[in-house]
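So the structure is just underneath, and the comments pick up after that.
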Amino acid sequence: MDTIISIILPVIDQMESSHIKEQLLAYFPLQKKEFLVIEDSFSALTSSTQKQETVNTFFHSWSQTNNSAVTVAGLSNRLTMLIHKNKPIVSEYDLFRTVASLNRIVDEDLAVVGRILHSKMFYTMATTISGDDSWLSQKYLCEEAKEFKAWKDKNSLRNRDIMVGLLTTLVHEIYTHGEVEYIYPKFFSWLKEHSNLSEKEIEVSLAWIQVHCGPTEKDHFFHAVNAVHSFAKAQNITIEEYNLEEIITDYLHLKSEVMGVLKQELTTNMVAL
């Protein structure tokens, strides 16, 4: 049976040899405990029928850990602001190559390609499964999800070192590839067994997950890798001076904190069949 890490590692193996590849291969496998918590939360969700309040909390809080389009766009803004404010730049050409790579990560999210905003797809999924769009209420946002989002935005949008934001994006994109591939069959089987939706309705409701499967998030990851290398050239940065251990560890720790809380709520409020 696939696990998130078993889906992630083969993609990392496709990278050319580099310091970043070595770091990813070294530190992702050390997060076994965190991956297990995350996987268990999705297993708990998809194991049976759930109360609407529980589903609402799951979707609102989970959404805060996987919605990154605005953050990536913000990183692009930070890069072009360097030019607007006449900050020293070694290579403007490579700076704009960095922006180009970041923009390729959010093409689908912003409906530049695909025609449908991914936020609309997520809305359709969560609303169809929960029964209405009450899941959008802030009361369904757990504190752990707020903390995850705050950490990620701080790394990407407020850390003085833009490279930290680019590396955080890289970690997020490869993790997300593993997550969507892992959960799609679980969600499909769950809805087929525990909902009144037809198979066609299930496919429509899970379009947000499905559209991120296959090459989508994998390509986003490699665009993030290219962004890191381009920015290193743009500012004459030595990538080997960066250690990804803290970013990977913090990302998976905070993510697992969110999912652990959601699993606890699912276990406590499970509907008896």
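Please work out how much length the chain gains when fully extended from N236 to A100, using 0.36 nm per residue of separation minus the C-alpha to C-alpha distance, in nm with one decimal. All intermediate terms of the calculation are to be shown ahead of the outcome.
Working: separation 136, 0.36 × 136 = 48.96 nm, distance 1.84 nm.
Value of the extension gain: 47.1 nm.
Please calculate how many Å² of accessible area region 147-211 carries per residue, with a 1.4 Å probe and no DNA, RNA or ligand atoms counted. Don't jump to the answer; show the numbers that get you there.
Working: 2710 Å² over 65 residues.
Using a 1.4 Å probe on heavy atoms only, each residue of region 147-211 averages 42 Å².
Which sequence of K32, K255, K233 reflects their accessible areas, 1.4 Å probe, from the largest down? Don't skip to the answer; put the middle values down first.
Details: K32 155, K255 0, K233 135 Å².
The most accessible residue leads, giving K32, K233, K255.
Which order do you get for E199, E193 if you rank them by accessible area with a 1.4 Å probe, largest at the top? Can you show the working numbers first?
On the way: E199 95, E193 140 Å².
Reading off the accessible areas and sorting them downward yields E193, E199.
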- For region 130-273, taking Cα atoms only, what is the radius of gyration to one decimal and the Dmax to the nearest whole Å? 18.4, 61
- To the nearest 10 degrees, how steep is helix 4-13 against the longest Cα principal axis of the chain, on a 0 to 90 scale? 30
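Any idea what the alpha-carbon Rg over 2.2 N^0.38 Å comes to for the chain?
Details: Rg = 18.9 Å, N = 273, 2.2 N^0.38 = 18.5 Å.
Relative to the rule-of-thumb radius for its length, the chain sits at 1.02.
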- Note on the structure: note: region 48-196, Cα-Cα separations exceeding 20 Å make up a percent value of 57
- Express the carbon and sulfur contribution to the solvent-accessible surface of region 1-132 as a percent, rounded to the nearest whole number, probe 1.4 angstrom. 54
- Sorted from largest down, what three extents in whole angstroms do the Cα atoms of region 1-44 have along their principal axes? 38, 17, 11
- Top to bottom by accessible area (1.4 Å), largest first, where do S6, S68 land? S6, S68
- Query: Taking the Cα centre of region 1-96 as origin and charging only Cβ (+1 Lys, Arg; -1 Asp, Glu), how large is the dipole, in debye to the nearest 20?
  - Reply: 380
- Rounded tilt (10° steps) of 52-66 against the dominant C-alpha axis of the chain: 10
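Just the number, please: carbon plus sulfur as a percent of the accessible area of region 148-273, 1.4 Å probe, no ligands or DNA/RNA counted. Before the final figure, lay out the partial values.
Working: 2640 of 5500 Å².
C and S fraction of accessible area: 48 percent.
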- Task: Compute the Cα gyration tensor for region 205-273, then decide on rounded, prolate or oblate, letting a ≥ b ≥ c be the square roots of its eigenvalues: rounded whenever a/c is under 1.5, prolate when a/b is larger than b/c in the other cases, and oblate in all that remain.
- Result: oblate
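Place a +1 charge on the Cβ of each Lys and Arg in region 180-222 and a -1 charge on the Cβ of each Asp and Glu, then give the dipole magnitude about the Cα centre in debye, rounded to the nearest 20. Mind dumping the intermediate values first?
Numbers: 4 positive and 7 negative charges, 12 e Å.
That gives region 180-222 a dipole magnitude of about 60 debye.
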- Task: Multiply the residue separation of S134 and Q52 by 0.36 nm, subtract the distance between their alpha-carbon atoms, and state the gained length in nm to one decimal.
- Result: 28.6 nm
- Under unit Cβ charges (Lys, Arg +1; Asp, Glu -1), what dipole magnitude, rounded to 20 debye, does region 207-261 have relative to its Cα centre? 260
- Item | Computed lengthening from K85 to E201, 0.36 nm per intervening residue step minus Cα-Cα distance | 36.8 nm
- Query: Can you give the calculated 222 nm mean residue ellipticity of the chain, where each DSSP H run of n ≥ 4 adds -39,500 (n - 2.57) and the sum is split over every residue, rounded to the nearest 500 deg cm²/dmol?
  - Reply: -23000 deg cm²/dmol
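Please find the FRET efficiency linking S18 to N67, where r is the Cβ-Cβ separation and R0 is fixed at 30 Å, and quote it to the nearest 0.05.
Values: r = 28 Å, r/R0 = 0.95.
Computed FRET efficiency for S18 and N67 comes out at 0.60.
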- Query: Along region 115-127, what does the Karplus equation 6.51 cos²θ - 1.76 cosθ + 1.60 (θ = phi - 60°) give for ³J(HN,Hα), rounded to whole Hz, x for Gly and Pro?
  - Reply: 6, 10, 4, 5, 5, 5, 5, 5, 4, 4, 4, 5, 5
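The values are calculated or read from the model by the stated rules, or taken from the named source; none is laboratory data. These figures come from a predicted structure and were not determined experimentally. Every residue, glycine as well, gets a Cβ built from its backbone with ideal geometry; the counts of neighbours run over all protein chains shown. When the accessible area is computed, the model is the full protein with side chains, heavy atoms only, and any ligands, DNA or RNA have been set aside. Shrake-Rupley method; radii C 1.70, N 1.55, O 1.52, S 1.80 Å.
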